[in-house]
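Written out below as structure tokens is the structure these notes cover.
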Amino acid sequence: MYTEPFVTPDNIDDKLSEWLARIEKHTHPRPHLTLKADKCALIVVDMLHYFADPGGRVYLPSTRAIIPRIAMLLKHWRRIGGTVVYTRHCHSGSEDLGMLGRFFSDYIRCGKKESEIISDLSPLPGERVLRKNTYDAFYNTGLDEFLRSRSVEQVLVTGVLTQMCCETTARSAFVRGYEVYIPADAVATSSEELHIGSLMNLASGFAVITDASSICGYGLQNIE
């Protein structure tokens with residue numbers, strides 16, 4: 001369990017400005033890439049009790065800062081009738097851990113509360129929830145087929161962890177031909193170093209780094 005957040009609800013706007021300024025210095029602008037919500041799927045990655053609940057075994061305190069941003073994006077996507085997809089990372093047992101079992105001693109158990117999406121970001125009836133057992137949300141999940149059936153051309157990746165499941169999913173989307181967008185204030189991990197490092201890597205060749213309020217066209221004060 002991580003006890004100290006690197007970003008909080010009170011300072012996330014200041015942090016966001018710092019992150020975007022740092023990224024801008026090291027990446028080329030791509031004005032020809034423009035997010036179009038009607039062609040873009042909002043993917044909410046692994047916002048589970050395991051990571052985003054204070055009682056979770058691997059609780060990430062910085063998730064408190066991003067939950068309102070993801071909620072804002074969800075509200076916007078639902079209002080415009082956009083495609084929303086969730087992932088739930090879990091394992092049925094040690095037999096399906098793969099390489100993760102060599103890196104980590106703990107894992108998320110399917111069927112337990114820890115593998116459920118937190119109530120603040122609950123899927124609505126009819127929204128697709130995909131189970132995965134590795135970092136890549138496209139691997140053996142049917143995500144690619146689902147997105148293509150909805151004529152999706154872009155993905156907006158949110159959730160946890162920035163440098164693990166979010167970054168791997170973003171890279172996987174890129175090589176499959178999707179334009180990738182990452183709101184820097186709607187992904188989180190265990191440290192600011194890992195967070196900004198991942199965002200800079202993605203911005204250099206895989207994704208457009210943006211922010212939740214700009215995508216929705218309004219600020220957090222407009223959330224009802």
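Summary of computed values
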| item | result |
| --- | --- |
| Scope segment 64-122; condition of a type in the set (K, R) and either surrounded by 19 or more Cβ atoms within 10 Å (Cβ to Cβ) or under 16 Å from the mean Cα position of the chain (by Cα) (or both); matching residues | R64, R69, K75, R88 |
| Residues of segment 181-195 classified as closer than 19 Å to R30 by Cα and assigned to a helix (DSSP H, G or I), total | 1 |
| Within segment 43-61, tally of residues that are more than 13 Å from the chain's Cα centre (by Cα) and assigned to a loop (DSSP other than H, G, I, E, B) | 9 |
| Test: residue in segment 158-170 that is over 17 Å from A21 (Cα atoms), small (G, A, S) and either without any contact (Cβ under 8 Å) to a residue 24 or more places away in the chain or surrounded by fewer than 23 Cβ atoms within 10 Å (Cβ to Cβ) (or both) | no |
| Extreme residue, surrounded by the most Cβ atoms within 10 Å (Cβ to Cβ), among residues of segment 147-157 that are closer than 24 Å to C216 by Cα and not β-branched (V, I, T) | L156 |
| Residue list for segment 199-215, restricted to those being surrounded by 21 or more Cβ atoms within 10 Å (Cβ to Cβ), assigned to a helix (DSSP H, G or I) and either touching a residue at least 40 places away in the same chain (Cβ under 8 Å) or touching a Cys at 6+ places or on another chain (Cβ under 8 Å) (or both) | L199, A203, A212, I215 |
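Bear in mind these aren't lab numbers, they're just calculated from the coordinates by the rules spelled out. The model shown is predicted, which means the values in this text are computed figures rather than measured ones. Note that each Cβ is placed from the backbone with ideal geometry, even for glycine, and that neighbours are counted across all protein chains shown.
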